[in-house]
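**Q** Here it is, the structure, as structure tokens.
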Amino acid sequence: MSTKLLIEGQSGHAGKPDRSLLRLIALARQLNDLVMSGNGKPIQDLAAAAGLSRSYFTRVFRLSLLAPDITKAIVQGRQPVEFTAIKLMRAGQFPLLWPDQRRQLGFD
């Protein structure tokens, strides 16, 4: 049993990275590398090569477009407390502009 004190104005998980978020970020990077080296292959072919459905491939691939400071915060465990892998995957389309991403995902 443990007690956690949340201090208003503090964000993150006290430096402990969320393993589910880390796995998503790592997979997004791998899929980005696959797309960049895919010589224009269709997404369905790349997804099949990765052993993923086309839908999941595209939902995870878009995470490679997150603002670098958001990715860094996730890796360092400084994401907002309410920010989870499920929330990230359910975010749907997020803005390509990094300041807009920060606002939408709660990193501002």
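The values are calculated or read from the model by the stated rules, or taken from the named source; none is laboratory data. This one's a predicted model, so the numbers in the text were calculated from it and none came from an experiment. Don't worry about glycine lacking a Cβ; one is built from the backbone with ideal geometry, like all the others, and counts go over all protein chains shown.
**Q** For the subset of region 72-108 comprising residues that are under 12 Å from the mean Cα position of the chain (by Cα), among the small types (Gly, Ala, Ser) and under 16 Å from residue 22 (Cβ atoms), which member is surrounded by the fewest Cβ atoms within 10 Å (Cβ to Cβ)?
**A** In this case the residue turns out to be 85.
**Q** Considering only region 85-108, how many residues are polar (S, T, N, Q) and in a helix (DSSP H, G or I)? If you could, list the steps in order and put the result at the bottom.
**A** Narrowing region 85-108 to residues polar (S, T, N, Q): 93, 101, 104.
Retained after the next criterion (residues that are in a helix (DSSP H, G or I)): 101, 104.
Qualifying residue count for the region: 2.
**Q** Would you tally the residues in region 13-50 being surrounded by 13 or more Cβ atoms within 10 Å (Cβ to Cβ), of a type in the set (Gly, Ala, Ser) and either over 25 Å from residue 72 (Cβ atoms) or over 11 Å from the mean Cα position of the chain (by Cα) (or both)?
**A** Counting residues in region 13-50 that are surrounded by 13 or more Cβ atoms within 10 Å (Cβ to Cβ), of a type in the set (Gly, Ala, Ser) and either over 25 Å from residue 72 (Cβ atoms) or over 11 Å from the mean Cα position of the chain (by Cα) (or both) gives 4.
**Q** For region 65-108, name all the residues that are hydroxyl-bearing (Ser, Thr, Tyr) and modelled with pLDDT under 95. So that I can check it myself, show each step before the final result.
**A** Initially, region 65-108 is screened for residues hydroxyl-bearing (Ser, Thr, Tyr), giving 71, 84.
The one that is hydroxyl-bearing (Ser, Thr, Tyr) and modelled with pLDDT under 95: 84.
**Q** Mind listing whichever residues of region 62-84 are of a type in the set (Gly, Ala, Ser) and either at positive phi or part of a helix (DSSP H, G or I) (or both)? Let's see the steps before the verdict.
**A** First pass over region 62-84, keeping only residues of a type in the set (Gly, Ala, Ser): 64, 67, 73, 77.
Passing the criteria: 64, 73, 77.
**Q** Which condition number in (1) free of Cβ contacts under 8 Å to residues at least 60 places away in the same chain; (2) surrounded by 14 or more Cβ atoms within 10 Å (Cβ to Cβ) is the one that residue 69 fails?
**A** Condition (2) is where residue 69 drops out.
**Q** Condition first: closer than 16 Å to residue 20 by Cα, surrounded by fewer than 17 Cβ atoms within 10 Å (Cβ to Cβ) and of a type in the set (A, V, I, L, M). Now tell me which residues in region 51-66 satisfy that.
**A** Residues satisfying the conditions do not exist here.
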